[in-house]
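Computed from the coordinates by the stated procedures, all read-outs in this text should not be read as laboratory data. Fair warning: this is a prediction, and the values are worked out from it, not measured in the lab. Here the Cβ positions follow ideal geometry from the backbone for every residue, glycine too, while neighbour counts run over all protein chains shown.
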Amino acid sequence: MTDAQDGKHAASRSAEEVHVPVQESAEDRLPPAPPVEVQPAPAAPAKKLRPTRVSGTWVAVIVALLVLIFLLIFILQNLDAASVHFLGMSGSLPLAVAMLFSAIAGALLVALVGGARILQLRKETKKARRAVR
């Protein structure tokens, strides 16, 4: 090796080997703190949309159409004739139509009893309000 090369190596070694003592503070001896996750500021709460009467009506219309479609499929698949006897009358009509009429009659009966109960409760409420005054 030449003196120039030896001098370069010596200079690089001396720079690498030079250790400057640093005084440690109390903070340096503590374990590192865990990283803190920065959460973005919460967005303004979205206004909760309440369902309207019109939206409820559309839902009811769609459900009614689906029920109607299934009812028509049921009627078309059950066209076998059935003899029906009711209050001394007799006749023949498709089985599904006879079942449909009986379901309608049952629904009307339930509506009649329910309506009578609603009227009864309204009368009781009206009497109770008059008694409070």
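Which FRET efficiency value, to the nearest 0.05, is calculated for Ile75 and Ala111 with the Förster distance at 30 angstrom and r the Cβ-Cβ distance?
For Ile75 and Ala111, the calculated efficiency is 0.85.
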From Cα pairs below 8 angstrom and at least 6 apart in sequence, can you work out the relative contact order of region 70-132, rounded to a whole percent?
21
By what distance, in whole Å, do the Cα atoms of region 70-132 stretch along each of the three principal axes, largest value first?
61, 32, 6
Spelling it out for Val84: with amide H atoms placed in the peptide plane at 1.01 Å from N, the residues 5 or more places away or on another chain with amide H under 5 Å from its amide H are Gly91, Ser92, Leu93
Each residue of region 97-103 in turn: what ³J(HN,Hα) in whole Hz from Karplus with 6.51, -1.76, 1.60 and θ = phi - 60°, glycine and Pro shown as x?
5, 4, 5, 5, 4, 5, 5
Putting +1 on Lys and Arg Cβ atoms and -1 on Asp and Glu Cβ atoms, find which of Ala103, Ser92, Leu71 reaches farthest to the positive end of the dipole of region 70-132.
Ala103
What's the magnitude of the charge dipole for region 70-132 around its Cα centre, counting Lys and Arg as +1 and Asp and Glu as -1 at the beta-carbon? Answer in Debye, nearest 20.
900
Whole-Hz ³J(HN,Hα) for each residue in region 68-77, computed from phi via Karplus 6.51 cos²θ - 1.76 cosθ + 1.60 with θ = phi - 60°, x for glycine and proline: what do you get?
4, 5, 5, 5, 5, 4, 4, 5, 5, 8
